[in-house]
Amino acid sequence: MAETVTKTAEAGAPKTGTRETVTVTDNRTGQAIEVPIENGTIKAMDLRKLKTGPEDFGLMTYDPAFMNTASTKSTITFIDGDKGILEYRGYPIAQLAEKCSYLEVAYLVLNGELPTKEQYKEFSGEVTVHTMVHENIKNLMKGFRYDAHPMGMLCSTFGALSTFYPEAKAVRDPDARKREIIRMIAKIPTLAAFAYRHSIGFPFVYPDNELSYTGNFLSMMYRTAEPKYKPNPVLEKALEVLFILHADHEQNCSTNAMRAIGSSEADPYSSAAGAISALYGPLHGGANEAVLRMLAAIGSKAKVPAFVKDVKESGGEVKLMGFGHRVYKNYDPRAKVIKEMADKVFEVTGKNPLLEIALELEKIALSDEYFVKRKLYPNVDFYSGLIYQAMKFPVDMFPVLFAIPRMSGWLAQWQELMIDKDQKIARPRQVYLGKRNRDYVPFEKRG
Ligand code: ACO
């Protein structure tokens, strides 16, 4: 089984005549233990039985950055990084992107099945009527500096929503969870658009219930004096597709943050504020912003070879942003869908001048031994930024555009955590290598 595959039940299916166990011999003591294998994994806790004596705590695993540790069983998203497969609840991402609306996919991710017509009507209706936020949130937004990064504003105001909905603390109550899930999916585009409007000094635009999820978001972003905002259908659809591609991605950094915070039974707004913070980083959701800054800094197609040379000679210091992925070691199937969609968007918006540089960068990197050997391919962020920029979203808004749809994935994962009997408060162990048993030294005797 390749390392970059989500472990499945089949991965652990017993072959006739074989025992689904692994025997581990501790060469310090000669003690051997037989450990069951389930779904292609062993339980780290089983290794605790290996001790050098009664005082020994027992053997632990050391796995910084969870490179080979499954933190949960899940039925939401399947990834095969070697084959470039991504499925939500078993449906291939390309099919969902082509045929569904974002809210249909959000329902699927949250509930496990595609909605019937009635279920869809009810779900999208509920989301639509919960898009408003308390007026005090506006005042909170106005308190930020004019140049505040919208992701910082989103993260803080989203966390602040927990104070408006104290009933969200009932995280063990399925009905309360359902109510907050609807609210959170409904309100995140409103907060995102308010953050943008604040940054350009424009008045906030209230939600328009007659528009689709993405159409309403575009209206809250761009509406000026016209009585009714009419989104361009190509751009509205493109945003739906981008939102679908970003809805979930199993146990990534921000989802892990959502689950870790949620495991303490914090309310979901506080957990999501943590997830948004994790997504902000340039190695995660901030990468699409970093790609655009990188392309702008390169400046022209002619300078691409020199930049690639810099990356290779920097010893890991300079990265080709939008390339590489912890899981995808072949290609990122989301990048493929986005690249195909880009042309349709550019027909409406005109070509992004940075596209030429991006295509050249991709061409050179894909044939360069450095990148090929390390299995570095374009990820979802490599092209999404070019589309967002062509749609007139400022670069600062890119990670925000990632956070909006990822809310459904975070909430699906949080819900799964809440009903998972195997889970407890997340609390990793450490290997302590510091000093011990020292006596206090007064100031005059130090140094
Ligand atoms: N450019 C140049 N070299 C790279 C890149 C890159 N983008 N990514 C990895 N490498 C190199 C590393 O320096 C390392 O080289 P070495 O073996 O000589 O030391 C090797 O490839 C392996 O890289 P790791 O850092 O071990 O890979 P890891 O799985 O830990 O990191 C990550 C994955 C964080 C995505 C990394 O590829 C990266 O920083 N990419 C750029 C940022 C980016 O695009 N992030 C978005 C990810 S998608 C998302 O979050 C939605």
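The values are calculated or read from the model by the stated rules, or taken from the named source; none is laboratory data. This structure is a prediction, so every number in the text was calculated from the model and none was measured. We place every Cβ from the backbone using ideal geometry, glycine too, and count neighbours over all the protein chains shown. Side chains included, ligands, DNA and RNA excluded: accessible areas come from the protein's heavy atoms. Shrake-Rupley method; radii C 1.70, N 1.55, O 1.52, S 1.80 Å.
Of note:
- Filter result for A94 (in a helix (DSSP H, G or I), aliphatic (A, V, I, L, M) and either in contact with a Lys or Arg (Cβ under 9 Å, 6 or more places away or on another chain) or free of Cβ contacts under 8 Å to residues at least 24 places away in the same chain (or both)): yes
- With respect to the stated conditions, V133 fails to be outside any loop (DSSP other than H, G, I, E, B), surrounded by 19 or more Cβ atoms within 10 Å (Cβ to Cβ) and modelled with pLDDT of 95 or more.
- Listed by first and then second residue, the pairs linking a residue in region 199-213 that is charged (D, E, K, R) to a residue that is open to solvent by less than 70 Å² (accessible area, probe 1.4 Å), with Cβ atoms under 6 Å apart and 6 or more places separating them unless they lie on different chains, are D208/N216; D208/S219.
- Of the residues making up region 71-108, those that are among the basic types (K, R) and either farther than 22 Å from I419 by Cβ or in contact with a strand residue (DSSP E or B) (Cβ under 7 Å, 6 or more places away or on another chain) (or both) are K83, K99.
- Here D248 meets the list (1) of a type in the set (D, E, K, R); (2) more than 25 Å from A97 (Cα to Cα); (3) crowded, with 19+ Cβ neighbours inside 10 Å almost entirely, failing just condition (2).
- Filter pass, N232 being open to solvent by less than 60 Å² (accessible area, probe 1.4 Å), within 16 Å of the ligand (Cβ to nearest atom) and closer than 30 Å to Y91 by Cα: no
- When residues of region 378-414 are limited to those that are surrounded by fewer than 22 Cβ atoms within 10 Å (Cβ to Cβ) and not in a loop (DSSP other than H, G, I, E, B), the one nearest to the ligand (Cβ to nearest atom): V395
- Per-region count, region 191-233, residues of a type in the set (S, T, Y), within 23 Å of A273 (Cα to Cα) and at pLDDT 95 or above: 4
- Residue satisfying condition, being among the basic types (K, R) and over 30 Å from P115 (Cα atoms), within set K73, K83, K51: K51
- Every residue from region 54-89 that is basic (K, R) and at pLDDT below 95: K83
- Region 68-122, subset over 20 Å from L242 (Cα atoms) and of a type in the set (D, E), residue most open to solvent (accessible area, probe 1.4 Å): E118
- Qualifying residues in region 235-253 (those that are touching a Pro at 6+ places or on another chain (Cβ under 9 Å) and hydrophobic (A, V, I, L, M, F, W, C)) - the one nearest to S219 (Cα to Cα): L239
- Within region 367-396, residues that are closer than 21 Å to V318 by Cβ have Cβ atoms under 6 Å from residues that are of a type in the set (D, E, K, R) and more than 10 Å from the ligand (Cβ to nearest atom) in these pairs: P378/E362; Y383/K339; V395/E289, counting only partners at least 6 apart in sequence or on another chain.
- When residues in region 290-345 are screened for being small (G, A, S) and within 14 Å of the ligand (Cβ to nearest atom), 7 of them pass.
- Residues in region 141-178 that are part of a helix (DSSP H, G or I) and among the acidic types (D, E): E167, D175.
- Output for region 251-269, where each listed residue is acidic (D, E) and open to solvent by less than 40 Å² (accessible area, probe 1.4 Å): D267
- None of L50, L108, L96, L114 is under 30 Å from G30 (Cβ atoms) and away from the ligand (no atom under 16 Å from the Cβ) except L50.
- Among the residues of region 366-376, those that are open to solvent by 10 Å² or more (accessible area, probe 1.4 Å) and either assigned to a helix (DSSP H, G or I) or within 10 Å of the ligand (Cβ to nearest atom) (or both) comprise L366, E369, Y370, V372, K373, R374, K375, L376.
- P282 fulfils the conditions (1) in contact with a helix residue (DSSP H, G or I) (Cβ under 7 Å, 6 or more places away or on another chain); (2) open to solvent by 50 Å² or more (accessible area, probe 1.4 Å); (3) more than 16 Å from the ligand (Cβ to nearest atom); (4) under 18 Å from L386 (Cβ atoms) except for a single criterion, (3).
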